[in-house]
Structure formats: C-alpha cells, structure tokens
C-alpha cells in the first residue's frame, strides 16, 4: 500500500472516532416542481430556432409577452443582434425578411409531443433568447426533472443492470446540485451553465430509458443536512479516498458531510479501481517542464524580471488529511515558489490544454548537474475528489449497495428527502 494511502486511511479513522450524531430538521417542502433556467450559450454572434421535426413554434417578445409569429414545422429562423441597438435582436425568415427589433424572444412548441429546437438541438420546456453587448444569450427554461433527465446520461454514462443503483444516486446528486445552486448565475439571467461549470446538459437527444427511469424512481428526492439541501459535489474517480471540500476549493468552508471517505472495500480493494483513471503516470523532461511552468506559473505567482530560472527541485512540501498534495514547492537557482493545493493541478499540467488528473500523486525527480532533467508523477484518481466518486458508486452498485447506502456513505450524516 502506498505511503499516502496509509496516511489517508489513518486520518479517516480519526475522523470516524470524532464524529457524533446530530439531529436533523425536516426540510421545507416545495409547492411543486421548480423550474430552472439553463444557460445553453452566452455571447453568440447568431442563433437559430426550429428545424427538422420540431413541430410549430410559437414566438412572443420576452419582455412584453406580445405575440411575434410562428415558425412552421421543419422551418428554421435565424436570430441576430440588432445592428442599431445591441440590447435588441431581430428574426430572419428563410425568405430574407426581418422582424422589427425585439427585446428578446420566448419560444414554445405548440405541437403535442414535440420539443423546442435551438441551434439544432431539441429541448423540453421553452427557450428564451436575449441580446447584449457580448452577443446572444440562449436560455432553456425547464422543469427540474426534465433537466436531470438530460444530465444523468452525460454525467455517468450508460450503465449495466447491476450498476443501476449508481444511476439512481447520480440522479439525486444532480437534482440536489441543481436546486442548491439556483440563482448562482443570476447576473447572467440563468441558474446553471449547460457544461462542466455546473453539469453537462444536452437536452432531449441524450435522454435514455435508463436515465428517465432513474429520474422517475427518485422524483423530488434530494440530499439534505440539518434540513437544508447540501452542496452535492461529485467527480469521476477518487483513487482511494474522497477529499474534504476545504482541501480542494481555496475559498470553501468545511462541511461535515464533505469530509474524506475511504473507498476501500471489505475485501481490501477499492470500489473505484474499475475506473480507467484509477492509476496514472505523467512525465516531463526538462524542456517540457520549463515550457509548461513558463505558461502556468505567472497565473498564480509573479516571476522575477529575468523570467524562469533553472529548476533545481520539485517537491511535495505538504499533504492534506486525505493524502493529497496540499502544497507543491518548485525550487530555482535563487529562491522557490510554493503552489497551494487548489492550484497544483492547473500549474503542473501534462499539456498546456490539459490539467493534471488529480492532486493525489507522488513525485520522482531526476537531476543532472543540479538541474531537474526528468520529473515523474505517479497518481491516483481523476477530478477534484470531493463528494460522490462516480466510479466508486458504480463499484458499490456492483457489490450490491443500494443508492441510499451509496449516497449516505459519500455524504456522511445526510438524509434523502422527498421535497415535491
């Protein structure tokens, strides 16, 4: 067993000994299924509505609600910012005619069992398009359950019958995350981005029978702690243990339910060892290491006037309670820099456009004439490691754990509550 794994399991034992039960208040029930505003695109130069098999779309002005027109089934209209007023937009019909300048549009489908189509993709609910100085913003207004149905597949993938408990767990985590973060992007006019800044949401095209069944079986269920919806973080592969939230996010406060949780099973293996990212290795030679650090270090620390000096050492100077890198020390001919744990993955990149898989790694350094000529990182897991380990959840499902056991293990002290 690796040294950092032993340290992680020892700290987990101490945490378990110190933990104590806390009473939980009943969550406040919601009056009905909430609606979410999903930012599909921000700052587009143009957009489109309608298209093949879309059914008839009804358009109204977003601000006044006055009817604007209807897009026939199978027809696509373009949407462009107004050249005279960036806060307004115009519709371009296939015959080249344009609408008056509008203060945004709202689009709904009036054909039974059809969907709204925006930029060639189908969505449930309705679409709002507005214009600003940066371009067009496209927002999907959709019920929480329909949103989760379009999230579960992209986030956890298609699973085998013996892995369905992981899909149910993902549905509850995704629903909890969405409700907890409603209003986070209010300044931009929506609740969540449709990408990894929140959750990957691709609309109707990625809905599967498996995802829809998981949403139906868990409808309205969320994770709560002391009567409030939790910060339901999740990631691909923890490697051996999840991490405490304050280890990973620089400004985060500790959460009792976001603490390190071992992923070791009773048989001595790890539930997430089925992940293709369970163990990994990255290597840099002197030229590559210098090129990467020249790009990434200025973002976290000022360099001296003579630029990047010779690199004489790279060490892990501190580890976190879950056994991850808490501080990375990069030594130069004259002085050193210390990279805090939350920045390590973005500084020590394998490639300029690819972050390090995780902060759980050990280093091997080779030097020639006092300069680092080769650096090897041997690591575990993929992602920030906070909250639910998706591959761990899949492994636990295979081992017979139900979704309630999976969730209350990764989020200790929480309850699963139905709020609508």
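Summary table
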item: Filter result (surrounded by 13 or more Cβ atoms within 10 Å (Cβ to Cβ) and under 21 Å from the mean Cα position of the chain (by Cα)) within the stretch 275-298; result: 275, 277, 278
item: Test: residue in the stretch 150-160 that is under 15 Å from residue 37 (Cα atoms), over 13 Å from the mean Cα position of the chain (by Cα), free of Cβ contacts under 8 Å to residues at least 24 places away in the same chain and assigned to a helix (DSSP H, G or I); result: no
item: Residue within the stretch 228-244 that is at pLDDT 95 or above and surrounded by fewer than 18 Cβ atoms within 10 Å (Cβ to Cβ) present; result: yes
item: Lone qualifier among 224, 267 - being over 15 Å from residue 154 (Cα atoms) and buried (at least 20 other Cβ atoms within 10 Å of the Cβ); result: 224
item: In the stretch 164-182, the residues that are over 17 Å from the mean Cα position of the chain (by Cα) and either surrounded by fewer than 20 Cβ atoms within 10 Å (Cβ to Cβ) or within 16 Å of residue 195 (Cα to Cα) (or both); result: 164
item: Given (1) over 21 Å from the mean Cα position of the chain (by Cα); (2) within 24 Å of residue 380 (Cβ to Cβ), index of the condition residue 349 fails; result: (1)
item: Residues located in the stretch 250-274, provided they are within 19 Å of residue 414 (Cβ to Cβ) and not in a strand (DSSP E or B); result: 252, 253, 254, 255, 256, 257, 258, 259, 260, 261, 263, 271
item: Filter pass, residue 21 being over 20 Å from residue 120 (Cα atoms), modelled with pLDDT under 95 and outside any strand (DSSP E or B); result: yes
item: Scope the stretch 186-236; condition touching a helix residue (DSSP H, G or I) at 6+ places or on another chain (Cβ under 6 Å) and under 11 Å from residue 38 (Cα atoms); matching residues; result: 199, 200, 201, 202, 203
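The values are calculated or read from the model by the stated rules, or taken from the named source; none is laboratory data. Keep in mind it's a predicted model, so treat the numbers as computed, not measured. Using ideal geometry, Cβ is built from the backbone for each residue, glycine included, and neighbour counts are taken over all protein chains shown.
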